Each structure stands twice: as structure tokens, then as C-alpha cells.
Amino acid sequence: MEIKLIEFEFGMTQNLGDYTNTRPSVKLVAELAEGDDVDIALESLTTTAVQTVHGLVDDEMEAAGRRVKYYNGPLFRVHYSDVRECVLISSTHADLPQEANWRDRDKWSRASHDHPDEMRHYVAVMVANRCAIETGYLIYESVVDIPALPDPDPEPLWHKKDLEQDLKALRIDGALWEELAALDWVTSQYTTELRRQLWGEYPPSEEIVALIRGNAAVRPSVDEDDEEE
């Protein structure tokens with residue numbers, strides 16, 4: 001008996017989570033020429049059909065926000081930075097930059113929560129393109145090429161002295177911070193103790209500024225043990 005035509009059909013059901021499933025299937029047909037080996041042709045059809053269905057399953061998995069199941073090549077992540085104003089496609093094995101200066105520090109956000117955090121490259125490019133349209137940022141695929149953190153200018157004295165938290169709590173106008181920080185007696189210990197002593201009864205900020213400018217005495221903290229003695 002001479003076999004001239006062979007066909008192979010393969011399908012599978014895959015759970016995508018959230019009570020949803022997908023069931024891709026393919027049917028392949030091969031016409032044999034004289035002298036073709038039936039077993040080899042059938043094996044080729046089988047391999048192609050299974051790989052095709054596995055690829056369709058992975059497509060559905062990524063579309064559902066889940067990692068691919070069958071693809072075993074490199075995977076990629078997509079993040080964006082409002083500080084550096086860029087979209088970055090990076091290998092899952094690459095570390096994201098984590099730099100900081102007195103004003104800014106790196107903060108990376110996932111470009112999409114509708115896709116898995118690790119995806120195939122062409123999907124990563126698609127996600128990056130969508131993010132670039134939404135943010136207006138350029139896309140980079142190398143950490144070496146991304147923009148640097150913005151120039152922070154010289155570090156102000158109030159930051160060097162670690163006064164920001166206290167000055168904010170005392171509701172002092174930011175325009176006065178540098179002037180007050182330049183006073184020799186204004187240290188983080190001074191402003192922290194001033195906050196403690198004024199806690200619950202803050203006078204108007206103008207009065208607090210006058211106290212600081214006048215080097216108002218700040219009573220030293222007294223431990224309970226010292227009071228008992």
C-alpha cells in the first residue's frame with residue numbers, strides 16, 4: 001500500500017487562572033513524494049504541531065499575565081523611570097541601577113501589570129513601546145546607555161545637617177531653611193529638641209523662626225532616672 005498523504009492533529013487544554021482555560025490545537029497535513037519515509041514525515045509533523053501548540057499556550061499565558069510555560073530561552077523585564085525619564089528593557093539577570101544623590105534616587109516601576117514581570121523579548125518590546133507612548137520616554141536596552149540621574153546642584157546646608165524632617169515639622173518656610181542652617185548653633189540635635197519642647201503647642205512659624213535666629217536656649221533633655229536622683 002502506498003501512502004501519499006499523512007495528517008496529524010494536536011491540541012491541549014491549559015489553565016490560565018481566574019477560572020479560565022485555553023485549548024489551542026493545530027492540524028497539519030503532508031503530501032508524500034515517492035521515496036519519502038512515512039515515519040520521518042510523521043515525526044516532523046508531530047514535532048511541528050506540538051511546538052506550535054506550545055507556542056500558542058505561551059502566547060495565552062503571557063496575555064493572561066502569567067510566565068511562559070514551554071519557552072526556555074532568555075526572558076526580559078520592562079521598567080520605566082520618571083527620574084531618568086526612560087523605558088528600560090533588561091535581561092532578568094541584570095540588576096536595575098540603584099543610584100542616589102542628595103535630591104534624587106532611582107525608583108523603577110513595572111511598565112505593565114497586565115503582563116508577567118518576565119517575558120519573551122518580542123513581548124517585552126511590545127510592552128516597552130506601549131509604555132513609551134504613554135510616558136513620552138525613549139526606550140533603552142542597555143543600562144550603559146540610559147540617561148544619568150539629573151544634576152542635583154550643590155548640596156544645601158540644611159540637607160548636610162539633616163534638618164529637613166524637623167524644619168518641615170516646625171512648618172518653617174522652605175525659603176528660610178538655608179539661612180537658618182547657616183547658623184552655627186542650628187544642628188539636627190537642636191531642631192529635634194526644639195520640636196520636642198514645643199510638641200502639642202507649636203506657635204506660629206514666624207515665632208519659631210525668631211526663636212531659632214535668636215539662639216533661644218533649648219533645655220537639655222533630662223532622663224527620668226536623672227530626675228529621680
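List of remarks:
- Yes/no for Thr92 being under 30 Å from Glu9 (Cβ atoms) and of a type outside the set (D, E, K, R): no
- Residue that is farthest from Asn215 (Cα to Cα), among those in the stretch 183-204 that are hydrophobic (A, V, I, L, M, F, W, C), modelled with pLDDT of 90 or more and out of contact with any helix residue (DSSP H, G or I) (no Cβ under 6 Å at 6 or more places or on another chain): Leu194
- Filter pass, Pro150 being surrounded by 12 or more Cβ atoms within 10 Å (Cβ to Cβ), within 15 Å of Arg84 (Cα to Cα), not assigned by TED's automatic domain parsing to the domain that holds Tyr80 and not basic (Lys, Arg): yes
Rundown of residues vs (1) assigned by TED's automatic domain parsing to the domain that holds Met119; (2) in a helix (DSSP H, G or I); (3) at pLDDT below 90, yes/no style:
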position: Glu9; (1), (2), (3): no, no, no
position: Leu16; (1), (2), (3): no, no, yes
position: Val26; (1), (2), (3): no, no, no
position: Val57; (1), (2), (3): no, yes, no
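- Cβ-Cβ under 9 Å pairs, at least 6 apart or on other chains, the stretch 113-136 side in a strand (DSSP E or B), far side β-branched (Val, Ile, Thr): Met119/Val68; Met119/Val78; Met119/Val127
- From Leu170, Leu163, residue being modelled with pLDDT of 85 or more and closer than 21 Å to Arg103 by Cβ: Leu163
- Scoring Asp114 on the criteria (1) surrounded by fewer than 17 Cβ atoms within 10 Å (Cβ to Cβ); (2) farther than 29 Å from Tyr70 by Cα; (3) modelled with pLDDT under 95 leaves a single failure, condition (2).
- Residue list for the stretch 66-86, restricted to those being assigned to a loop (DSSP other than H, G, I, E, B) and either surrounded by 16 or more Cβ atoms within 10 Å (Cβ to Cβ) or touching a residue at least 60 places away in the same chain (Cβ under 8 Å) (or both): Arg66, Val68, Tyr71, Leu75, Val83, Arg84, Glu85
- Tally of residues being surrounded by 14 or more Cβ atoms within 10 Å (Cβ to Cβ) and basic (Lys, Arg) across the stretch 164-195: 1
- Conditions (1) surrounded by fewer than 12 Cβ atoms within 10 Å (Cβ to Cβ); (2) within 30 Å of Pro152 (Cβ to Cβ); (3) not aliphatic (A, V, I, L, M); number of the one not met by Asp104: (1)
The values are calculated or read from the model by the stated rules, or taken from the named source; none is laboratory data. Given the structure is predicted, the values throughout are model-derived calculations rather than measurements. When we count neighbours, we look across all protein chains shown, and the Cβ atoms used for this are built from the backbone with ideal geometry, even at glycine.
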